Ligand code: UN1
């Protein structure tokens with residue numbers, strides 16, 4: 001039998017060297033990086049101590065002081081070059097994403113495409129960081145609002161989108177005139193090293209970008225805490241669990257720093273009586289099983305009208321029974337591995353609790369693809385009598401809870417009846433039901449889609465959600481404003497001094 005472990009390690013290391021990462025950064029270090037594909041150790045990376053973070057932030061702060069003076073369209077040129085380098089290295093970085101976190105090839109490549117897209121978006125934005133001119137109530141006065149760079153932006157990212165989430169934040173922060181300090185997931189340091197190397201190629205082509213504009217911190221929790229607690233970091237964007245976000249948000253609030261939180265989702269889709277069921281079936285399959293259920297936006301609940309339940313759900317069960325689960329690198333399986341054994345345990349625990357409160361489970365069992373050191377599962381569909389137990393929690397695994405409803409109000413109440421508020425969707429062709437769902441009394445989520453699933457957002461919209469999802473918005477629309485500071489300017493170009501609100505103070 002060929003030694004696949006040795007071959008994955010060799011491939012990862014050759015990709016890292018092709019992408020320009022120095023061997024010292026992955027050849028020997030305290031932290032082993034394990035591929036979920038087969039459990040092989042891909043590399044060993046040195047981890048930073050929390051005590052070293054301050055110095056890295058000092059360099060980033062120096063970089064910010066210089067970068068904020070560079071005209072924004074010129075800053076956009078650096079991001080244009082970053083997008084260019086990402087295009088040139090798309091295959092290698094996409095492959096490394098697949099090796100490190102187990103994504104199917106098209107999803108690994110899709111993640112890099114998402115990075116390219118946000119770079120393009122940010123380049124255009126670099127000429128559009130518009131302020132306002134507001135009518136003043138006073139004669140010979142002008143009232144304006146402008147946006148200035150804010151400082152060092154901290155980015156904390158999760159394993160499941162190990163590089164795209166950095167780019168949503170970094171591409172915007174860089175055109176906004178900020179420096180970026182990134183603490184990636186301990187489970188995905190290699191793609192972070194590769195991304196940093198790609199950034200450095202772009203910076204070298206740019207010529208005079210200040211050193212320290214983009215800094216990578218590989219470390220454990222203490223390193224993240226040091227970043228979050230540093231007074232020179234006015235904004236921290238954190239993606240991950242609600243538990244992590246609560247800890248980060250509290251620490252940031254203590255020092256009045258800005259938090260951009262993108263935390264847990266418990267995303268539901270409603271299938272109404274007028275839905276195109278063929279389309280819904282395909283959308284549910286991708287939404288609930290794609291990326292092995294490890295997207296923040298993964299569809300975790302399906303709320304089906306009683307009139308279509310017995311048509312849709314048996315068909316869905318057949319898809320669950322036949323979907324290909326396998327090695328994402330050597331097969332065209334649609335469902336790859338879970339990230340690790342802890343994710344497998346959490347999934348099994350959730351399924352047991354669902355059964356205990358009356359759920360009927362289809363699937364969910366472990367599939368032996370590459371032996372004991374990797375964790376592949378058949379996705380699980382769980383028919384639930386009520387929205388109780390694990391249904392109101394986010395379990396980062398491919399579990400879809402299915403519930404039945406009678407009228408739309410009940411369906412919307414079920415959908416909104418969980419602590420999380422990231423993404424949601426509705427299937428149907430009755431415009432009254434659709435518009436009701438999108439209205440103020442409809443979905444309470446940051447994302448509400450029609451006739452598609454809950455995942456796979458484009459970068460052009462603002463991304464994020466409400467309630468325990470944390471309220472932050474990243475990526476498109478006007479999310480850039482979170483990476484700048486707003487300044488209101490009142491300018492008197494006359495010879496007298498009228499006071500606002502007609503106040504008199506004559507001395
Ligand atoms: C995440 O899972 O953290 O909408 C982000 C999507 C992707 C991003 C997901 N564009 O599924």
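Every number here is computed from the coordinates shown, using simple stated rules; none is lab data. Worth saying up front: this structure is predicted, and the values here are computed from it rather than measured. So basically every Cβ, Gly included, is an ideal-geometry build from the backbone, and we count neighbours across all protein chains shown.
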Would you mind putting 280-286, 328-334 in packing order, based on average other-beta-carbon counts within 10 Å, highest first? 280-286, 328-334
Compactness relative to 2.2 N^0.38 Å, alpha carbon Rg of the stretch 267-459: 0.98
Among beta bridges assigned by DSSP with both residues in the chain, the antiparallel ones amount in percent, to the nearest 5, to 40 percent
Listed peptides 425-434, 115-124 by packing density, highest first (mean Cβ within 10 Å): 115-124, 425-434
Looking at the stretch 361-408, send over the antiparallel percent of its DSSP beta bridges, to the nearest 5. 55 percent
Can you compute log10 of I(q)/I(0) for the chain with the Debye formula, treating each Cα as one identical point scatterer, at q = 0.05, 0.09, 0.12 Å⁻¹? -0.21, -0.66, -1.09
Please tell me the relative contact order of the stretch 267-459 in percent, rounded to the nearest whole number, where contacts are Cα pairs under 8 Å and at least six residues apart. 31 percent
Stick to the Cα atoms of the stretch 184-280, pair each with every other, and give me the Kirkwood hydrodynamic radius in Å at one decimal. 16.6 Å
extent check for the stretch 1-139: Cα max minus min per principal axis, descending, whole Å, gives 84, 39, 24
For the stretch 76-125: rounded, prolate or oblate by the Cα gyration tensor [a/c cutoff 1.5]: prolate
Given the stretch 267-459, what percent of its DSSP beta bridges are antiparallel, to the nearest 5? 20 percent
For the chain, calculated [θ]222 nm from helices alone, where every DSSP H run of n ≥ 4 adds -39500 (n - 2.57): -12500 deg cm²/dmol
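Taking 8 Å as the Cα distance limit and 6 or more residues as the minimum spacing, I'd like the relative contact order of the chain as a percentage. Don't skip to the answer; put the middle values down first.
On the way: 1138 pairs, mean separation 89.8, N = 507.
The normalised contact order for the chain reaches 18 percent.
What FRET efficiency would be calculated for the residue pair residue 66, residue 282, taking the C-beta separation as r and a Förster radius of 51 Å, to the nearest 0.05?
E(calc), rounded to 0.05, equals 0.50.
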Using a/c under 1.5 as the rounded threshold, could you call the stretch 39-104 rounded, prolate or oblate? The axes a ≥ b ≥ c are square roots of the C-alpha gyration tensor eigenvalues, and prolate needs a/b larger than b/c, oblate otherwise. oblate
If packing is taken as the mean number of other Cβ atoms within 10 Å per residue, what is the order of 417-424, 178-185, highest first? 178-185, 417-424
